[in-house]
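The values are calculated or read from the model by the stated rules, or taken from the named source; none is laboratory data. Predicted, not measured: the structure shown is a model, and the values here were computed from it. Cβ placement follows ideal geometry from the backbone for every residue including glycine, while neighbour counts extend to all protein chains displayed.
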Amino acid sequence: MRVCLPTMGQNGIDERVHNHFGSARYFTIYDTDTQAATVVENNNEHHTHGACQPVEAIASYQINAVLTSGMGGRAVQMFNNSNIKVFQLTGHTVREAVQKFERHELLELTVQNACAGHGH
């Protein structure tokens, strides 16, 4: 399974997660089967509020799940429409978040429990 997390830099599994998916400078994609991490630059980082195209940014990487601190309902719906589940991450690094994901400890975000704004 491939999971995608918004990250601060390019240090793979040991990188710190970014608190806002759409404006993260990088996405770290972690394959739970091979334990390989790939870092992708977010070319949509400077979008205007509400104009984020999260699915397009990672579409070619065959992502199964996104782990993020929070996400708006429209973005969650876009991911869900592409058969990508969204989970609210906990932890400060990719490693911590992925470990919690693999232990099924993360809350799945839905349109109903998604963020309503930057104040969450």
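A quick yes/no check of all residues on (1) surrounded by 13 or more Cβ atoms within 10 Å (Cβ to Cβ); (2) small (Gly, Ala, Ser); (3) within 16 Å of Gly22 (Cα to Cα):
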site: Ala75; (1), (2), (3): yes, yes, yes
site: Ile84; (1), (2), (3): yes, no, yes
site: Thr90; (1), (2), (3): yes, no, no
site: Thr93; (1), (2), (3): yes, no, no
site: Ala97; (1), (2), (3): yes, yes, no
site: Lys100; (1), (2), (3): yes, no, no
site: Arg103; (1), (2), (3): no, no, no
site: Gln112; (1), (2), (3): no, no, no
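Determine if segment 77-84 includes at least one residue that is modelled with pLDDT of 95 or more and of a type outside the set (Asp, Glu). No; the residues of segment 77-84 include none that is modelled with pLDDT of 95 or more and of a type outside the set (Asp, Glu). Kindly indicate whether Phe101 is modelled with pLDDT of 85 or more and either among the β-branched types (Val, Ile, Thr) or part of a strand (DSSP E or B) (or both). Against the criterion (modelled with pLDDT of 85 or more and either among the β-branched types (Val, Ile, Thr) or part of a strand (DSSP E or B) (or both)), Phe101 does not qualify. Being under 21 Å from Asn80 (Cβ atoms) and at pLDDT below 85 is a description that applies to Val55. Looking across Thr93, Thr110, Thr48, one residue alone is of a type in the set (Ser, Thr, Tyr) and modelled with pLDDT of 90 or more. It is Thr93.
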